[in-house]
Every structure is written in C-alpha cells, then in structure tokens.
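Inspection log for the structure reproduced underneath, given as structure tokens.
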Amino acid sequence: MDELENRKVFVIAAFVVVAFIFLTRLFYIQIIDDSYRSSADNQALRYVTKYPARGIIYDRKSQVLVQNQAAFDLMVVPRQAEDIDTIAFCEIMDIEKMEYKERLSKAKAYSSYRASIFQKQLTSDEFSRIAESLYRFPGFYGQKRTLRTYPDSVASHVLGYVGEVNAGHLERDSFYRSGDFIGISGLERQYEAELRGERGLEVLMVDVHNTVQGKYSGGNRDVEARAGADLATSIDLDLQVYGERLMNDKKGSIVAISPEDGGILALISSPSYDPNLLVGTKRARNYQLLASNDSLDPLFNRALMAKYPPGSIFKLIQSLVALENNVISENTGFPCNKSLVGCHNHTSATNLREAIQMSCNPYFHQVFKRLISPGKSSNYFVDNALGLSQWAKDVEDFGFGQRLALDLPNLKSGSVPTTEYYDKIYGKRRWAFSTVYSLSIGQGELEVIPIQMANLAATIANRGHYIDPHLVDKVGKDSNVVWSKNETGITKDLFEPIIDAMQWVVEKPGGTARKARIDGIEVCGKTGTAENPHGEDHSVFIAFAPKDDPQIAIAVYVENAGYGGTWAAPIASLMIEKFIRGSVSDSLKENRILEANLLDVEVDED
C-alpha cells in the first residue's frame, strides 16, 4: 500500500514538474523573449510607417515654390515572400532575377520577419501599375510617402533638395531611421527640423493572401503623423523666374534684397539646374551628371560662395569711412594723377560726388592714404598699422569679412585684411601704405561675396543700417521670424553725397552706368570691374531704387564679361523695373540681355 501511494505521489510530482516546465517556457516565450511573438505578429499584423507630409514652401505672395506629390515604397517581409512566383514578380517589376535575389538578400540581412524597402520612391503611376497584382505575392505591399516637386523648376540654390539619410545622419540624430529622408542643401537643410514633421504608425491585420483585413485593435495602437511646418519666404517668384531667364547662358549671380526688411527678393546663381532632377529614383544619377560638369559647375552657389575683389564699388565704402573719420569732406578734390595708380581719361574730380561718378582711381588712392596714415604715431609703420586697424573695423561694420546672418548653409565670409594678416606675411611693422595701397580701389587682399555687395546697396539705401538678409519670414501659421537691425556707425547725413553720386553714375553724361537708366525711376548705382587673374575680368554692378523710397537693392555679377556698365548694369535695371512695375519698358535692352551668350564672350568695351 505504501509502495502504491509512493508511486502515486511520484507520478503527480512528475506531472507537476512537467507542467511547471511548460508554464515557465510559455511565460519566457510570451513575456520575456518576444522573438516568437514578433514572428507571429509579423505573420498576422502589418506595421506601416505613416510618413508626414513635408512642409510646403511659399514665396512672398503665397505662390508655391515647393510642394509634395504622392509616392510609394514597395516593402517586403522576406519570411513571407519565400514561396512566391519570382519569374512573374520580376516581369511585373521589370527587373532581372539576379537583382531580385540581391534586394531580397539585403532585406533578409536587416530582418527576415520585419518589413524593409524593396523598391523606394515609386511614383503614383509606377505603383498603380503593380498594385493590382500584389495580392499574388505574399510579403510585398506598398507604403505611402511623398516626394518633393518644384512647380516652376526655379530657385534650386535657394530651395535645395532632400536625400536619403546616411550613416552619419543616423549617428548624429536618433530621430532618423534607415530609409528616412533629410534636407541636404538650401532651405530644405536649414529648416529641416521644422519641415520634416513627425512620423506616425498604423497597425493593420492581414490574411494569408497579403490582403488587409482592417485595423488591429480598432486602431488603438495607431499614431497619427504630424505634417511639417510650412515656410513663408521673402522670395518674389516672378522676379526669380525673370532673373534666371536674364542669366541664361551667363555665369554669375544676382541677389536682390528689400532694404526695408532685409528679405531676399531673388537669389540667382548661374548656371543653375532644374531642382526636379534631384527627386526620386533618378536623383543619384542626375547628381553625378551635374557634379561632373566642371566647366559650368551648376551645383556651386555663386551668390553665397564665390569670392571676388570688390573693385571700384568699394570706393563707396572708402568714401563713407573717410567722411566719418574726417579725413575728407564732400567738397574735397584731388587731381587725377596717373603716376599714383592707373586710371581712364577724365577731368580731375573737384569733389567727392564727381570722384564717385567718374570712378577716379588716383582720387581714392589719396583718400585711402589719409585713412591709413592718420598721424597718430611718429613711427610711420606704427601709424599705418593704427590706421589700417581702424579702417578694417569700419569696413567690417558693413558686414564684410564675416558671415551674414543668412538662413542658408554654406555661406562664405569673404575677407578684410588686418594688421595681423600683413604682420604674418611681411613681418611685424615691416609694411606700410605703399604695401597695401591696392586696397584703395577694391583690389589686393580684399574678398567679397555677391550677397555682401547686395547688402551694401541695401545699407546705403537705408542711410546707414541693414536688416539681416534672410529668406524665411514665417514658420508655420503664426510664428514670425525676427531678424536683427545692424548699424554701421556712419552718420546718416554723410550718405547723401554718396547717394547723389550714385544717381549721377546712372543718369549724368560721363557716368559709368548709363545703361541702367529707367525712365521715371531714380536709380542709384555703382559699376565695378572685378579683376580675374585667370581670364577676362568680371562685370559688376550694385544699385537701389527709387532714390528716396528704396524698394529694392541689388548686386549683379557676370563673370568674364568685362566692364560693369556693359552687362551687369542693364541686367540690374531690368530686374529693378520688373519688381517695381511688374513689367519692363525697354524691349531692346531686354532682348539684348536675353539673347546674349556670355559663356565665351569677347568683351564689349562700350
């Protein structure tokens, strides 16, 4: 009896132990180790990322610059796709069987049970062609997302483009996942955090035929995507389009600014490219084609990155700095002494206005000498170092030699030479005015970029201050962007003789920018010829208008085109009239510019 009882106890104990083992294992599988659960879920549930619509970008008149179009990624769960008819699938997808195997192997390397991208960025038309057949291929399904589209195919250097994240992006920012897209250049990059939005999630139930049966748990596990914020920019689309037409077959840039608020009205770098080329599956190939065009370099943003000597336009700053430091007055005259520095033939300037109008090099040689040799030290070299230090500070107050607070990446600063710079080259106190006099006419070690020159025109138009040049005025519906006001420290009244002279440059006989005249609009401008050691000089012109109610300030650079009055000045005048009046009145001037091919120009010296 005892033996039977013992056997009974043993059997019961064995069942208890076995049951405990099974229960423990089941607890481990279901609660501790989720690999089996994940496998089962992925067989019955589909986790679909809901990509947010990227923010739309508008111009100053609420015209669309960038918007979204529907696109699809073809997703695959490798474990579910093992027994499909690969021949039929490859025919529908128009791919080779080897390519299919390579893509599936890549997906398996990521996960056999989790979905990954098999084919990305299919357009709506491309996806609709295959969608009706997907039920035949378990494991494959479409996941909706959007692609950028540029309705007017302009402003590529302003707007930029988006591309797939790389390892560096994933390492720097945990927000992104493999397959996400990010702003690579332009406003797309600068305002990435605002434009991108927040992704969502949709959990769906699917049957063995890969057909969606509905939302899992009534949609309780779904997370709605949040669209990115829209951007309202200062760009005038009509002016941007017109400027790009004017710069066709030319190398250079145009930057137009509203002096009142610092908003950039147009920013053109030429040659340019259609931003739609860098969208979708063909982006990588098109980028390589654009990048390999070394002679024209359409990806290079000349408006923000090209460095030039300012040339004669810098005489405007020399005049203002000299007036503020009391080394000349508006009535100071100097003879046009060509033994000091070369100059074209004209009468000697008896005052500052005439000197600017005739762009007299010897005049500004003398002005600069007074600035650099202020008589503060009996030691000639020390005195020149003191003079240059003050001069460099005054010049930098105009926004030169530094990055402006522009809301675009890759902006260059240019350079203003300092005493430290020359000490490093020549030795401390072993240089003087005779070493640096070429700065007097905007040559030598001075380097500026076009947007700084447009900002100079805006500063003079404002009689001594500028608002940070910028592109975005508003993020989202209610968030206005506040930009800073910057003072030059030059007394306001001192700008009047400079502005008078700039008007003379355009309107008076003997002025160097007569081709910039516009009937009924007082244009104030200054020509320049930026020296180019590698070929023909660059044609440069800055201006603002109207004189007493400035609405637009502009800088135009046309590379290898010679004198500023020949090409840059008429281009600027066309842009000014287009902005102020909405159309241009001088069709002969317009046609001359539109029809000109200056990529291989013989310089016209009229």
If we ask which residues in segment 88-121 are within 20 Å of Ala284 (Cα to Cα) and touching a residue at least 60 places away in the same chain (Cβ under 8 Å), their number turns out to be 3
For segment 54-93: of the residues being crowded, with 16+ Cβ neighbours inside 10 Å and among the basic types (Lys, Arg), which is modelled with the lowest pLDDT? Arg79
What are the residues in segment 514-541 that are farther than 19 Å from Arg245 by Cα and either part of a strand (DSSP E or B) or of a type in the set (Phe, Trp, Tyr) (or both), if any? Ile518, Ile521, Cys524, Gly525, Lys526, Thr527, Gly528, Thr529, Ala530, His538
Single condition Glu577 does not satisfy, out of (1) farther than 28 Å from Cys360 by Cα; (2) surrounded by 21 or more Cβ atoms within 10 Å (Cβ to Cβ); (3) touching a residue at least 60 places away in the same chain (Cβ under 8 Å): (3)
Collect the residues in segment 295-335 that are free of Cβ contacts under 8 Å to residues at least 24 places away in the same chain and either part of a strand (DSSP E or B) or within 29 Å of Val558 (Cβ to Cβ) (or both), keeping them in residue-number order. Ser295
Being modelled with pLDDT of 95 or more and under 31 Å from the mean Cα position of the chain (by Cα) is the filter; apply it to segment 515-525 and report the residue that is farthest from Ile460 (Cα to Cα). Val523
Picking from Tyr51, Tyr47, the residue that is aromatic (Phe, Trp, Tyr), at pLDDT below 90 and within 35 Å of the chain's Cα centre (by Cα) would be Tyr51
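Here's the yes/no breakdown for (1) more than 24 Å from the chain's Cα centre (by Cα); (2) loosely packed, with under 15 Cβ neighbours inside 10 Å; (3) of a type in the set (Gly, Ala, Ser); (4) modelled with pLDDT of 85 or more:
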position: Ile130; (1), (2), (3), (4): yes, no, no, yes
position: Arg136; (1), (2), (3), (4): yes, yes, no, yes
position: Gln143; (1), (2), (3), (4): yes, no, no, yes
position: Leu147; (1), (2), (3), (4): no, no, no, yes
position: Tyr150; (1), (2), (3), (4): no, no, no, yes
position: Leu159; (1), (2), (3), (4): no, no, no, yes
position: Gly163; (1), (2), (3), (4): no, no, yes, yes
position: Gly168; (1), (2), (3), (4): no, yes, yes, yes
Given the structure, is Tyr380 surrounded by fewer than 18 Cβ atoms within 10 Å (Cβ to Cβ), assigned by TED's automatic domain parsing to the domain that holds Met453, touching a residue at least 40 places away in the same chain (Cβ under 8 Å) and not small (Gly, Ala, Ser)? yes
Flag if Ile264 is surrounded by 24 or more Cβ atoms within 10 Å (Cβ to Cβ), in contact with a Ser or Thr (Cβ under 7 Å, 6 or more places away or on another chain), closer than 30 Å to Ala596 by Cβ and modelled with pLDDT of 90 or more: yes
Name the residues in segment 249-261 that are crowded, with 21+ Cβ neighbours inside 10 Å and assigned to a loop (DSSP other than H, G, I, E, B), would you? Lys250, Lys251, Ser258, Pro259
Could you please give the count of residues in segment 94-128 that are crowded, with 17+ Cβ neighbours inside 10 Å and small (Gly, Ala, Ser)? 3
Run Asp41 past the list (1) at pLDDT 65 or above; (2) among the acidic types (Asp, Glu); (3) in contact with a strand residue (DSSP E or B) (Cβ under 9 Å, 6 or more places away or on another chain) and report the number of the one that doesn't hold. (1)
Select from segment 530-562 the residues that are touching a His at 6+ places or on another chain (Cβ under 8 Å) and of a type in the set (S, T, N, Q) and write down the one among them that is nearest to Ile268 (Cα to Cα). Asn560
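Residues are listed down the side, and each one gets a yes or a no for (1) of a type in the set (Ser, Thr, Tyr); (2) on the phi < 0 side of the Ramachandran plot; (3) within 32 Å of the chain's Cα centre (by Cα):
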| residue | (1), (2), (3) |
| --- | --- |
| Thr419 | yes, yes, no |
| Ser434 | yes, yes, no |
| Ser438 | yes, yes, no |
| Gly444 | no, no, yes |
| Ile451 | no, yes, yes |
| Asn462 | no, yes, yes |
| Ile467 | no, yes, yes |
| Gly476 | no, no, yes |
Exactly one of these conditions fails for Thr435: (1) in a helix (DSSP H, G or I); (2) touching a Pro at 6+ places or on another chain (Cβ under 7 Å); (3) not aliphatic (A, V, I, L, M). Give me its number. (2)
Given the conditions (1) touching a residue at least 60 places away in the same chain (Cβ under 8 Å); (2) among the acidic types (Asp, Glu); (3) outside the structural domain of Ser479 (by TED's automatic domain parsing), report the number of the one that Glu244 does not fulfil. (3)
Selection from segment 370-400 of residues that are aromatic (Phe, Trp, Tyr) and within 33 Å of the chain's Cα centre (by Cα): Trp391, Phe398, Phe400
Looking at (1) in a helix (DSSP H, G or I); (2) under 26 Å from Thr491 (Cα atoms); (3) touching a Phe, Trp or Tyr at 6+ places or on another chain (Cβ under 8 Å), which is the only condition Gly399 fails? (1)
(1) more than 26 Å from Ala385 (Cβ to Cβ); (2) part of a loop (DSSP other than H, G, I, E, B) all hold for Thr281 apart from (2)
If you go through segment 336-385 one residue at a time, how many are over 20 Å from Val506 (Cβ atoms), in a helix (DSSP H, G or I) and among the aliphatic types (A, V, I, L, M)? 5
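Residues checked against (1) touching an Asp or Glu at 6+ places or on another chain (Cβ under 6 Å); (2) in the same structural domain as Asp261 (by TED's automatic domain parsing); (3) at pLDDT 90 or above:
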position: Val321; (1), (2), (3): yes, yes, yes
position: Val327; (1), (2), (3): no, yes, yes
position: Cys343; (1), (2), (3): no, yes, no
position: Arg353; (1), (2), (3): yes, yes, yes
position: Cys360; (1), (2), (3): no, yes, yes
position: Pro374; (1), (2), (3): no, yes, yes
position: Ser389; (1), (2), (3): no, yes, yes
position: Lys393; (1), (2), (3): no, yes, yes
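The values are calculated or read from the model by the stated rules, or taken from the named source; none is laboratory data. It should be emphasised that the depicted structure is a prediction, and the values quoted were computed from it without experimental measurement. Counting neighbours? That spans all protein chains shown, and the Cβs are built from the backbone with ideal geometry, glycine included.
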